[in-house]
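Report on one structure; see the data block that follows.
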Amino acid sequence: MEGGNVRKKRDGTARGKPKGRAVDSSALAEVQALLGDQPRRRDLLIEHLHKIQDRYGHLSAAHVVALAREMNLAPTEVYEVATFYHHFDVVREGEAPPPPLTVRVCDSLSCELAGAGALLAALERALGNAVRVVPAPCVGRCEQAPVAVVGQNPVQRATPAEVKPLVLANKVRCPVRKYIHYAEYRRNGGYRLAAECLAGKRDAEAILKTLEDSGLRGLGGAGFPAGRKWRLVRNEAAPRLLAINIDEGEPGTFKDRYYLERDPHRFLEGAIIAAWTAQIAGVYIYLRDEYAGCREILEREIKALQADPPCPLPPIFLRRGAGAYICGEESAMIESIEGKRGMPRLRPPYVAQVGLFGYPTLEHNMETLHWVREILEKGGAWFSSHGRNGRKGLRSFSVSGRVKKPGVHLAPAGITVKELIDEYCGGMLPGHAFHAYLPGGASGGILPASMGDIPLDFDTLQPYGCFIGSAAIIILSDQDKAAAAARNLMKFFADESCGQCTPCRVGTAKALNLMKDRRWDRDLLEALSVAMADASICGLGQAAPNPIRCVVKYFPDEIK
């Protein structure tokens, strides 16, 4: 070492080797080759980790250190992010890397009802040690249960006989279904409205008024009025950003994937109109990693849009999640887009004031933007004219469980679950009688069939300890137990807690252990529920008690 670089001990003598792991030159060269001329910005850390994971099937200690050097980060910064997400396999020094192919079997509620446990055991026996077979949280294909994912290739209504040939063929890419591509969308009038906005032929105030008149609310679960949100962000100081949430990890939810696989440009046009109306400087799309086919569609179609733009476009960035339910929470998603662990922020300030990269941010679920074009073309009164039982608008219900026709069903807001089953889902499966339902996915609680006449919409279910959320409806039959469903949901919450706050991290784990007993300790579970609901930072811990409280209140005979 040159004299100027010698590190000195306190007594003035030269120190030995520098602390920390030395950078492996071959690993550094491999990382540099993968990154190419891409920026080394901090917010691209997760994107760069994906490049290594995709190429080598895991993240070795040498690659972690090399990436840290290349991005001018401490290795601990890279390590803490990589180990936070389910889909990164961090291999420590001296550990053996995982098998080259992983088969994930969804074990969330809809798949469990369809036999995921037996499928997992059968695949472990059939595939042996050369392939890693692991349980996985909801993969967003609940209407196709049970689902196995071979690499990135989902297998619907999976059986060992269907999965094994894919493994032997090493087929790991997700096939892309037929969808409305850019040229076809343009031929059918697509982007005409966006072009009129950018050409000054539309009035921003009129657009805001139409959205407000329509009653369109955020369809990711929170239900905040869309027009009001656009107005609030527009009134904040520039620059402003738009963050689009397509991390639908809520068990039972798959509507965003359904629309993306069929008509991707509809939400992109809605995003461009939102960006123009709220004077947005850049658009960030956050897509869950489980949707490899949707990612392929979006990469292709955004490229086509940018190559032949119908109007001036804002910068559009597609960011890839890495397997973390918590990133469906808006501030956790923003942290992840910034290349960090997806841990929710304390509020205030709210993301509309201080959001992505510290700028005011308009955060939207994809389906909310999916409706923008049609509402503006047909008028706010058209959308609000739909509805039943005094409710207004349309809802995309993701229905799974014990019905003949699971899937995404577009129905009037305020429809009851009994009407939904009979009119849209073809009734219950043969030999099954309606027993209970989840009106809002894992977080939305559980209600008995006797309460199947409650209108399904925002604000209608809260008096019963439930909520509609993203309109994920899971139907249970007389062959199922609500208490067993609640245990499945609590296991999911315990696994997916980010660990930031003690009430959620400890409360979900303790509650799960108590719920394994045939007779529940109701007083202790209620004490845990109060702590989680009152003291958790975000909606995961706040909503985790809902299944417990619903079983205690509506299904007491199942836990005596």
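The values are calculated or read from the model by the stated rules, or taken from the named source; none is laboratory data. As the structure is a prediction and not an experimental result, all values here were calculated from the model. With ideal geometry, Cβ positions are generated from the backbone for all residues, glycine too; neighbour counts draw on all protein chains shown. Remember, those area values only see protein heavy atoms, side chains included, never the ligands or the DNA or RNA. Shrake-Rupley method; radii C 1.70, N 1.55, O 1.52, S 1.80 Å.
Quick notes on this one:
- Among residues of region 222-249 that are touching a residue at least 60 places away in the same chain (Cβ under 8 Å) and charged (D, E, K, R), those with a beta-carbon under 9 Å from a residue that is open to solvent by 20 Å² or more (accessible area, probe 1.4 Å) and part of a helix (DSSP H, G or I) at least six positions away or on a different chain give the pairs R240/R234; D247/Y325; D247/G328; E248/G328.
- Check on G252, at positive phi, among the small types (G, A, S) and open to solvent by 10 Å² or more (accessible area, probe 1.4 Å): no
- Among residues of region 312-328 that are within 11 Å of I46 (Cβ to Cβ) and basic (K, R), those with a beta-carbon under 9 Å from a residue that is modelled with pLDDT of 95 or more and assigned to a loop (DSSP other than H, G, I, E, B) at least six positions away or on a different chain give the pairs R320/R288; R320/D289.
- Taking region 518-548 as the range and being in a loop (DSSP other than H, G, I, E, B) and under 10 Å from A486 (Cβ atoms) as the test, only W520 passes.
- Yes/no for A118 being over 23 Å from the mean Cα position of the chain (by Cα) and within 30 Å of G440 (Cβ to Cβ): yes
- Test: residue in region 481-490 that is farther than 19 Å from S529 by Cβ and within 23 Å of the chain's Cα centre (by Cα): no
- For region 506-517, a residue qualifies if it is touching a residue at least 12 places away in the same chain (Cβ under 8 Å) and part of a helix (DSSP H, G or I), and the qualifying residues are G507, T508, A509, K510, A511, L512, L514, M515.
- Residue list for region 303-333, filter: under 16 Å from Y191 (Cα atoms) and touching a strand residue (DSSP E or B) at 6+ places or on another chain (Cβ under 6 Å): P314, I316
- Checked against the criterion of being part of a loop (DSSP other than H, G, I, E, B), of a type in the set (K, R) and touching a Leu at 6+ places or on another chain (Cβ under 8 Å), region 472-486 has no qualifying residue.
- Search result, residues across region 142-162 that are under 19 Å from G401 (Cβ atoms) and acidic (D, E): E143
- Scanning region 518-560 for residues that are farther than 15 Å from G445 by Cβ, in contact (Cβ under 8 Å) with a residue 40 or more places away in the chain and hydrophobic (A, V, I, L, M, F, W, C) turns up I537, C538, I559.
- Within region 371-394, the set of residues being part of a helix (DSSP H, G or I), among the basic types (K, R) and open to solvent by 70 Å² or more (accessible area, probe 1.4 Å) comprises K378 only.
- Matching entry among R295, R266, R262 (being among the charged types (D, E, K, R) and without any contact (Cβ under 8 Å) to a residue 60 or more places away in the chain): R295
- Close pairs from region 371-389: first closer than 18 Å to Y185 by Cα, partner open to solvent by less than 70 Å² (accessible area, probe 1.4 Å) and of a type in the set (D, E), Cβ under 7 Å, at least 6 apart: R373/E269
- Residue selected from region 38-57 under the condition open to solvent by 40 Å² or more (accessible area, probe 1.4 Å) and not acidic (D, E), by the criterion farthest from Y284 (Cα to Cα): Y56
- Selection over region 223-280 of residues that are in contact with a Pro (Cβ under 8 Å, 6 or more places away or on another chain) and under 25 Å from D459 (Cβ atoms) gives a count of 3.
- Selection from region 412-445 of residues that are assigned to a loop (DSSP other than H, G, I, E, B), more than 14 Å from R402 (Cβ to Cβ) and in contact (Cβ under 8 Å) with a residue 40 or more places away in the chain: A413, G414, I415, T416, G441, S443, G444, G445
- Residue satisfying all of: in region 185-216; in contact with a Ser or Thr (Cβ under 8 Å, 6 or more places away or on another chain) and open to solvent by 20 Å² or more (accessible area, probe 1.4 Å); farthest from D457 (Cα to Cα) among these: D213
- Filter result for the condition that a residue is of a type in the set (D, E, K, R) and either in contact with a helix residue (DSSP H, G or I) (Cβ under 6 Å, 6 or more places away or on another chain) or closer than 26 Å to E496 by Cβ (or both), over R288, R262, R228, R234: R288
- Going through (1) surrounded by 22 or more Cβ atoms within 10 Å (Cβ to Cβ); (2) assigned to a loop (DSSP other than H, G, I, E, B) one by one, V551 falls short only on (2).
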